[in-house]
Structure formats: C-alpha cells, structure tokens
Amino acid sequence: MYMERYRLKFEKLGNMRFIGHLDTVALFQRCLKLAQLPISYSKGYHPRQEVAFALPLGLGIAGTGEFVDIQLDREILQSDIIDGLNAHFPIGIKIIGARQLEPNERIAPRIVIAAEYEIIVHKNIEPQIYELLNNEEVIVIKKSKSGEKPVNIRPLIFEATYENNKLRTVLATGERNLKPQLLMEYLMPGAENIYYTRTDILKEGLKSL
C-alpha cells in the first residue's frame with residue numbers, strides 16, 4: 001500500500017497546557033478522524049493510528065514548538081492537513097507547520113536528544129546562571145519511583161542564557177533527562193509563579209526537528 005509520512009509542528013497554549021499527554025494523544029486521534037484524513041493504522045488485533053509524538057510535554061508547561069509524526073495512506077497537500085485539523089482543535093491547540101518526510105527519515109521519538117525552554121521568572125538569576133555554567137559538577141536530589149538519589153545535572157544542560165527575566169535553556173532528554181522544574185528548584189529553591197514554555201525539540205547537532 002502507498003503511504004506517506006508527515007511531521008506536524010503545533011502549539012499547546014493557554015488552558016491546554018493543563019491537559020496531560022495521554023489526553024493530548026486522544027485529542028489528536030479524534031481530530032484526525034473528524035478531519036477525515038486518510039490516517040494509516042497498524043496491523044494486528046488492535047489497530048491503532050500511526051501517530052508518534054516527538055516528546056511528551058509536562059503538565060502545566062506550554063509548548064510553541066511541539067512535533068508529531070503521522071502516516072497517511074496517500075499523499076495530500078500539507079495545507080489540507082493543517083486546515084483540516086485546525087478546524088476541529090479546541091482553542092490552545094494549533095498546527096503551525098507541516099512537511100513531508102523523506103523515505104529514510106527516522107520517526108521523531110527516535111532522534112530527539114534535547115529540548116529548548118523559555119522560563120519566565122520574577123527575580124534576577126544571572127549570578128546563579130553564571131555559577132551554574134562555570135561548575136563541572138552540579139549535584140541535585142532527583143526523585144523517581146525507585147526513590148531519591150543525587151544526580152550531577154551539569155552535563156544535562158547544553159545551553160543557558162538569562163535576559164529580561166527570561167531564562168532560555170537547552171536540556172537533555174531521553175534516558176538521562178533534566179526537567180526544567182528540577183533546574184529551577186536548584187536555581188530558585190521554593191520559588192513559585194514560574195511560567196514554562198517549551199519552544200523547540202532538538203535532534204543531533206541541537207537542530208530543530
């Protein structure tokens with residue numbers, strides 16, 4: 001069967017940032033049906049739509065550079081995909097770009113190595129950023145289902161710049177990942193009213209998907 005793969009770029013803003021990843025997946029699946037796009041299905045007893053999100057977005061974090069790969073049974077115009085989905089999405093979710101993948105391109109979840117964030121804070125943290133970047137080892141306590149353990153987060157921070165109450169940082173993802181909340185807990189212990197936006201998802205060479 002002839003099939004084509006597309007990578008969609010989308011935003012997740014406003015109240016939609018409080019919708020969890022599984023609900024976001026279900027929303028996309030439902031809107032793909034409503035838009036009557038020729039989505040491909042997997043084989044087997046429980047066929048599922050061929051949809052692959054690059055990286056789950058943490059609850060409460062906005063996203064302006066999110067990515068999802070879809071596979072269709074036939075080639076269609078990128079504009080038809082964008083317009084078809086946006087006609088059914090609620091306010092806060094919007095497709096802002098689409099491109100057809102090359103035959104040899106790997107799916108998004110398999111090539112992600114980092115994510116870029118913009119973090120709005122209400123305090124000058126430039127001295128803390130300077131100290132962070134000039135240390136080879138930054139130990140924090142990381143909590144998981146198996147308990148708590150000390151972790152050196154410095155190798156997981158690829159970039160960090162601060163200007164006008166905004167921290168722009170690029171953090172590792174994957175098996176060894178760093179959540180932006182853990183970074184901010186180190187920089188501003190106990191701080192509240194911090195607004196997080198994931199602005200891009202990156203592959204090797206820290207290039208956007």
task: Please work out which residue is nearest to R198 (Cα to Cα), limiting yourself to segment 53-66 and to residues that are open to solvent by 20 Å² or more (accessible area, probe 1.4 Å) and outside any loop (DSSP other than H, G, I, E, B).
output: T64
The one condition in (1) touching a residue at least 24 places away in the same chain (Cβ under 8 Å); (2) surrounded by 15 or more Cβ atoms within 10 Å (Cβ to Cβ); (3) not basic (K, R) that I96 fails to fulfil: (2)
- prompt: Do we have E148 as assigned to a loop (DSSP other than H, G, I, E, B) and farther than 27 Å from E11 by Cβ here?
  reply: no
task: Taking only segment 115-133 into account, find how many residues are open to solvent by less than 10 Å² (accessible area, probe 1.4 Å) and either polar (S, T, N, Q) or not in a helix (DSSP H, G or I) (or both).
output: 4
Number of the condition not met by I194 [criteria: (1) at pLDDT 95 or above; (2) surrounded by 18 or more Cβ atoms within 10 Å (Cβ to Cβ); (3) of a type outside the set (K, R)]: (1)
message: For segment 134-152, give me the residue count where each residue is open to solvent by less than 40 Å² (accessible area, probe 1.4 Å) and touching a helix residue (DSSP H, G or I) at 6+ places or on another chain (Cβ under 7 Å).
response: 2
message: Looking only at segment 67-85, filter to residues that are open to solvent by 50 Å² or more (accessible area, probe 1.4 Å) and not in a loop (DSSP other than H, G, I, E, B); which one of those is farthest from M3 (Cα to Cα)?
response: D83
- prompt: Residue check, Y45 against (1) within 30 Å of Y162 (Cβ to Cβ); (2) open to solvent by 60 Å² or more (accessible area, probe 1.4 Å), all met but one. Which one?
  reply: (1)
message: Considering only residues that are open to solvent by 60 Å² or more (accessible area, probe 1.4 Å), part of a helix (DSSP H, G or I), farther than 11 Å from F89 by Cα and of a type in the set (A, V, I, L, M, F, W, C), which ones fall in segment 1-37?
response: F18, L22
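The values are calculated or read from the model by the stated rules, or taken from the named source; none is laboratory data. Bear in mind that the values here come from a model prediction, so they are computed numbers and not experimental data. With ideal geometry, Cβ positions are generated from the backbone for all residues, glycine too; neighbour counts draw on all protein chains shown. Please note that ligands, DNA and RNA were not included when accessible areas were found on the heavy atoms of the full protein model with its side chains. Shrake-Rupley method; radii C 1.70, N 1.55, O 1.52, S 1.80 Å.
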